[in-house]
1. Which length gain, in nm to one decimal place, applies between residue 260 and residue 95 when the Cα-Cα distance is subtracted from 0.36 nm times their residue separation?
2. For the cross-link pairs 115/260; 152/244; 201/245; 16/245; 256/294, which exceed 25 Å when the distance is taken from alpha carbon to alpha carbon?
3. Normalise the Cα radius of gyration of the range 79-144 by 2.2 N^0.38 Å (N = residues in it) and let me know the number.
4. Using the Kirkwood radius built from alpha carbon pairs, what does the Stokes-Einstein equation give as D for the chain at 10 °C and 1.306 mPa s, in µm² per second?
5. Restricting to DSSP H runs of at least four residues, report the calculated mean residue ellipticity at 222 nm for the chain, -39500 (n - 2.57) per run over all residues, nearest 500 deg cm²/dmol.
6. So how far apart, in nm, are the two label points at residue 120 and residue 307 if each is 7 Å from Cα heading toward Cβ?
7. In cubic angstrom, how much convex hull volume per residue do the alpha carbon atoms of the range 161-245 span?
8. Based on the alpha carbons, how large is the Rg to Rh ratio for the range 162-306 when Rh follows Kirkwood?
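All of the numbers you see were taken from the coordinates with simple rules; none came from a lab. Not measured: the values here are computed from a predicted model. Ideal geometry is used to build each Cβ from the backbone, glycine not excepted, and the neighbour counts take in all protein chains shown.
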Amino acid sequence: MRSKPDMGCSVTDVLKPSADFLYCNGAITEVLKCGSLQPSKHNTLILVIPGNPGVVGFYSTFMQTLHRVFQQRLPVWAVSHAGHCEPPDHMDMVEDTSLAAELDVFGINGQIQHKLTFLRKQVPRDTRLVLIGHSIGCYIILEMIRRNPELKVLKAVMLFPTIERMAVTPQGRAVTPLICHLRYLAYVPVFLLSLLPEPLKQGLVRLALGGIRGLDPTILQPTVGLLSGDCAANAMYMGGQEMKKVLERDNATITKHLNKLIMYYGATDHWCPVEYYHDMKRDFPHGDFRLCEKGFRHAFVLDAAVDVAEMVAEWITPDLRT
């Protein structure tokens, strides 16, 4: 591995990720892949755990950039949350209804178990992992590490981490009444939108996102897919549980794995106020916690996926040389 990642070629020089659909814990799952794991004892996989909604298509540019920076030598995958994708025509949202219900696969605990099952069944046990979480994906990563200490995690990068006190954040206070108490009412407009013709959905998405300068066009189609109805409903269900269950910070797990963690906080993040960053710096003075100085938004995939990916690549390069 080079001492510094190569930033020389463009994202378009890297092949688009391939999409695989499979059932995991009874629910439809999309896996986006840049590169494949080779039959080797020294495999390293960069795995992206998304925020909510956990639509992996949002991370396409981010993944391609990482793959390009490391000269396509390292596979970069992203695994969707269970039910956060539109199934292909030959597949259903749920394969095993009883298993999905037993595991509450669309809830936050079910989503954590979903990722652990995915790793157990789809990734060789001796694979070294670089986990990159976004938003609630960071909470999921902390729980994965806590529940399965045998995971060979080289580094866990947490971007805009929502790992504590979500419901009392500015954004949490705004959405909690809707997704926790009025969720079924919120399903009505989602259902109506899902009935619209595809061109009209695309037009609405372009209108809604058209004011963002530097908007990444690769996120338009995944956003349209989110309007499928079931996908959006599953995202809202998971979000409601986040407000109720992401409460106190897991200091024990953070302490145990502090040397593996990098946390990147937004300076104006309404899901994770800047005081949460200062609390972390105070409580873990030797931890690698960083505050954004570049104005990136919480939803960085909208317009800063390349910049954030190149930044992350520089952070993890030293660990990949070990």
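1. This chain segment gains 55.8 nm when fully extended.
2. Pairs exceeding the cut-off: 152/244; 201/245; 16/245; 256/294.
3. Expressed relative to 2.2 N^0.38 Å, the Cα Rg reads 1.19.
4. For these conditions, the coefficient is 79 µm²/s.
5. Roughly -12000 deg cm²/dmol at 222 nm, from the helical runs in the chain.
6. Label-label distance for residue 120 and residue 307, simple model: 4.1 nm.
7. Spelled out: Cα convex hull of the range 161-245, divided by residues, is 114 Å³.
8. 1.02
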